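K.L.:
Handing you this structure, nothing more for now.
The values are calculated or read from the model by the stated rules, or taken from the named source; none is laboratory data. Small disclaimer: the values here were computed from a predicted structure and weren't measured. Note: ideal-geometry Cβ built from the backbone for every residue, glycine included; neighbour counts use all protein chains shown.
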Amino acid sequence: MFSNEWQPTASLANLRQRAELLKSIRHFFESRSVMEVDTQILSHCAVSDPFIDSLSVEYRPHPNAEGQFLHLQTSPEYAMKRLLAAGSGDIYQLGKVFRNGEVGRRHNPEFTMLEWYRLGFSLHDLMDEVELLVSEQIPGLAWRRVAYRDLFLEVLGVDPFLASLAELQDACRQTIEAEFDDEDRDTWLNLLMSHLIEPQLCGAVFVHSYPPSQAALACVHPDPSGNMVSERFELYLDGLELANGYHELVNPQEQASRLSADQQQRAALGLPQRPLERRLVKALEHGLPECSGVALGVDRLLMRKLNVESIAEVIPFGFERV
């Protein structure tokens, strides 16, 4: 039987649109004098986030030598912050990142990320710039900015900062099959967000002021109600998560503490212990300039631009054909 497995999963018309998108993104940053960088994909260290799993490869100096495990970058963030501390100025990167266990209609284990950092930008300055970039690609979007707490109250009538663990569990179990026990509040908050709130988001929505436990690399401050919130946003396009931005943490002691806390949570969850990126802490000790940074999924941006439902339709070869 004839096999079409050699053929791309995206149409040639979509791939031409992809090429135009990449060119347009580079022009956007060139016009703003933001330097493109190209950091390594391999690292001796891995991301600390317990909910992101790195892909690992084995390096051998010659075929019969003992192997050494390295990790494919899940984001260029750590390397880019080392460049910022070295005095690079405003930078962006457009390239491949890798995440284990993520395959589906909206996910591919290898995908294209746009990440950039702007010195002296507040979180709202960065939201302004993200809005400009996305609007160039998808004109006419209805834009909205809403605090995480306000969104929970609006959609669910639940205060994510004041509700007890039992109340969060009950809110989940009313509509979601969640017959398990978990003492982590964020488990239940994330379920409520992904299953009940995200599907109701229409247009382009910036959600900001997340609980500090959901933003390991962001600054923290009190909101008008006195709750400590992180200076983090996520951008959704019709419920599809597109970008994640932070007003970046620059305190090395706090960063070291958060990395260690992540490692402890990984242990508590029975997840593999991976080498932590202590060079990031050293970079912060040298001095990371005040800045805000954001990572944006380029494949998902193109999905929305072309109004397609599968990531395989906007990349040359989906996971089943690599």
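K.L.:
Out of everything in segment 217-242 that is surrounded by 21 or more Cβ atoms within 10 Å (Cβ to Cβ) and of a type in the set (Gly, Ala, Ser), what residue ends up being farthest from ARG173 (Cα to Cα)?
P.N.:
Here the answer is ALA218.
K.L.:
Helices (runs of 4 or more DSSP H) wholly in segment 87-178 with at least 3 residues that are closer than 16 Å to LEU240 by Cα and polar (S, T, N, Q) - which ones?
P.N.:
On the way: elements: 123-137, 148-156, 165-173.
Correct list: empty, since no element meets the threshold.
K.L.:
Could you tell me whether GLN68 is modelled with pLDDT of 90 or more and in contact with a strand residue (DSSP E or B) (Cβ under 8 Å, 6 or more places away or on another chain)? Spell out the reasoning first.
P.N.:
Values: modelled with pLDDT of 90 or more: yes; in contact with a strand residue (DSSP E or B) (Cβ under 8 Å, 6 or more places away or on another chain): yes.
Yes: the conditions hold for GLN68.
K.L.:
Mind checking which pairs have a first residue in segment 2-28 that is within 13 Å of GLU313 (Cβ to Cβ) and a second that is in a helix (DSSP H, G or I) and of a type in the set (Asp, Glu), Cβ under 9 Å, 6 or more apart or different chains?
P.N.:
THR9/GLU313; THR9/GLU320; ALA10/GLU313; SER11/GLU313; ASN14/GLU313; ARG18/ASP299
K.L.:
Where residues in segment 29-46 are β-branched (Val, Ile, Thr) and without any contact (Cβ under 8 Å) to a residue 60 or more places away in the chain, which of them is farthest from GLN264 (Cα to Cα)?
P.N.:
Step one: list which residues in segment 29-46 are β-branched (Val, Ile, Thr), which gives 34, 37, 39, 41.
Now narrow it down to the ones that are without any contact (Cβ under 8 Å) to a residue 60 or more places away in the chain: 37, 39, 41.
Working: VAL37: 33, THR39: 28, ILE41: 26 Å.
Applying the filter and picking the extreme gives VAL37.
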